[in-house]
Amino acid sequence: MVFSLHFACKDCEGPETSNEYSDCSEWFWGRAFGISVNSSKRRRSNRGMMMAPDSNSDGVSRCCCKGIRRCLICEKFKEKPQSMTSQPEIVLHFLYNPETRLAGCKDGEGASFPFPGVFLWENFISEEEEKELISSMDQNVWNLSQSGRRKQDYGPKVNFKKRKVRVADFNGLPALSQKLVLRMQQEPNLEGFMPVEQCNLDYHPQRGSAIDPHLDDSWLWGERLVTINMLSDTVLTMSLEQGLPERELTGEVHVAVRLPRRCLVVLYGEARHRWKHAIHREDILERRVCSTYRELSAEFLPAGQQAELGDELLNIAFTFKGTPV
């Protein structure tokens, strides 16, 4: 069985191990190659970071992995930790059917079971909207992230370990997201959805991009996680290490949720809070870009302990005049 410790972070769909507000490679590159960086970023921790030299400007040949994280670039320089080489003794594989909302055996035989908490909206955006969104993202800087990903953040600065939030440089969600959020709110499953954070992630097979199994934070972020999948099909793998004893399923259980290009997927309920989710390296066959939107938890909504801060964040987010932070 694989044992790992994850801290949910604002930077992505998944976990980070940084002790500071977010991971960053600019300090290293600034010192090594004289690249100018923001002074506040120089204070961020770079412990455990190993990076390959940058051979071009396409974002494929650099790495920002820390700790146990790995990509195809840093694997040339780092040994794999034992937790990455060991595998659970038994893994039961199922496939999610969005029409029946059941998870069935991949071979089509055997029992199936209800799999609540996943909503899939195919063709949420059009081909033209996809082109417009990707073109806009690629005009901004993609920052290196862990496990071969790149990212762009629109949201407050968060330290999840210390449970601190501040506005910092957050100046709103991007303009092109306004019509998308309005479209989301027309769906009953997303009624009242008011995101205050958007994270764009870029995956590439040449970097070995992936994201480890994790649960998103639930102190700051609310019930629904909303993601738009762009440029290629992929698979979202849901996992439960302890199995499903109530279904007499012993061993680790994996449920594959196929994400078609240009779809929207929502995780809520058990899929949000009980099942970990991941994107495995072998499921990135072409460049994949996704945008994940997060709403506030009850603590930051009216009657919550930090309602005033929540209201401020919502007002900023819904100006839709944001630039990446």
When residues of region 211-233 are filtered for being over 29 Å from LYS162 (Cα atoms), surrounded by 22 or more Cβ atoms within 10 Å (Cβ to Cβ) and in contact with a Pro (Cβ under 9 Å, 6 or more places away or on another chain), how many remain?
1
Quick check: anything in region 99-115 surrounded by fewer than 19 Cβ atoms within 10 Å (Cβ to Cβ), within 29 Å of GLY208 (Cβ to Cβ) and of a type in the set (Lys, Arg)?
yes
Residues (more than 15 Å from the chain's Cα centre (by Cα), within 24 Å of LEU120 (Cβ to Cβ) and part of a loop (DSSP other than H, G, I, E, B)) located in region 190-213:
GLU191, GLY192, PHE193, MET194
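Which members of region 175-189 meet the condition of being in a helix (DSSP H, G or I) and over 19 Å from the mean Cα position of the chain (by Cα)?
The first filter runs over region 175-189 and keeps only residues in a helix (DSSP H, G or I), leaving 177-184, 188-189.
GLN178, LYS179, LEU182, ARG183, PRO188, ASN189 - these are the residues of region 175-189 that are in a helix (DSSP H, G or I) and over 19 Å from the mean Cα position of the chain (by Cα).
Determine, yes or no, whether LEU133 is modelled with pLDDT under 95 and either surrounded by 13 or more Cβ atoms within 10 Å (Cβ to Cβ) or assigned to a loop (DSSP other than H, G, I, E, B) (or both). Even if it seems obvious, please write down each step before you answer.
Details: modelled with pLDDT under 95: no; either surrounded by 13 or more Cβ atoms within 10 Å (Cβ to Cβ) or assigned to a loop (DSSP other than H, G, I, E, B) (or both): yes.
For LEU133, the condition - modelled with pLDDT under 95 and either surrounded by 13 or more Cβ atoms within 10 Å (Cβ to Cβ) or assigned to a loop (DSSP other than H, G, I, E, B) (or both) - is not met.
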Considering residues that are open to solvent by 40 Å² or more (accessible area, probe 1.4 Å) and either out of contact with any helix residue (DSSP H, G or I) (no Cβ under 8 Å at 6 or more places or on another chain) or of a type in the set (Lys, Arg) (or both), the number found within region 158-177 is 8
Tell me which of these SER232 doesn't satisfy, since it passes every other one: (1) touching a His at 6+ places or on another chain (Cβ under 7 Å); (2) without any contact (Cβ under 8 Å) to a residue 60 or more places away in the chain.
(1)
From the list ALA303, ALA307, ALA317, exactly one residue is of a type outside the set (Asp, Glu) and either more than 25 Å from LYS164 (Cβ to Cβ) or open to solvent by 60 Å² or more (accessible area, probe 1.4 Å) (or both). Which is it?
ALA303
Being part of a strand (DSSP E or B), more than 16 Å from LEU215 (Cα to Cα), in contact (Cβ under 8 Å) with a residue 60 or more places away in the chain and among the charged types (D, E, K, R) narrows it down to one of ARG262, ARG294, ARG258, so name that one.
ARG258
Checklist (1) out of contact with any Gly (no Cβ under 6 Å at 6 or more places or on another chain); (2) open to solvent by less than 10 Å² (accessible area, probe 1.4 Å) applied to GLY148, failing item
(1)
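Can you confirm whether LYS151 is in contact (Cβ under 8 Å) with a residue 40 or more places away in the chain, part of a loop (DSSP other than H, G, I, E, B) and under 30 Å from ARG69 (Cβ atoms)?
Numbers: in contact (Cβ under 8 Å) with a residue 40 or more places away in the chain: yes; part of a loop (DSSP other than H, G, I, E, B): no; under 30 Å from ARG69 (Cβ atoms): yes.
So LYS151 fails the test.
Results for (1) touching a Ser or Thr at 6+ places or on another chain (Cβ under 6 Å); (2) under 28 Å from LEU296 (Cα atoms); (3) without any contact (Cβ under 8 Å) to a residue 40 or more places away in the chain; (4) not β-branched (Val, Ile, Thr), shown as yes or no for each residue.
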site: MET194; (1), (2), (3), (4): no, yes, no, yes
site: TYR203; (1), (2), (3), (4): yes, yes, no, yes
site: GLY208; (1), (2), (3), (4): no, no, no, yes
site: THR237; (1), (2), (3), (4): no, yes, no, no
site: GLU246; (1), (2), (3), (4): no, no, yes, yes
site: THR250; (1), (2), (3), (4): no, no, no, no
ASN171: passes all of (1) more than 19 Å from the chain's Cα centre (by Cα); (2) closer than 30 Å to ARG70 by Cβ but (2)
Residues (within 20 Å of GLY148 (Cα to Cα) and open to solvent by 70 Å² or more (accessible area, probe 1.4 Å)) located in region 239-295
ARG281, GLU282, LEU285, GLU286
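The values are calculated or read from the model by the stated rules, or taken from the named source; none is laboratory data. Note that this is a predicted model, so its numbers are computed, not measured. Note that each Cβ is placed from the backbone with ideal geometry, even for glycine, and that neighbours are counted across all protein chains shown. Side chains are part of the model used for accessible areas, which takes the heavy atoms of the whole protein and leaves out ligands, DNA and RNA. Shrake-Rupley method; radii C 1.70, N 1.55, O 1.52, S 1.80 Å.
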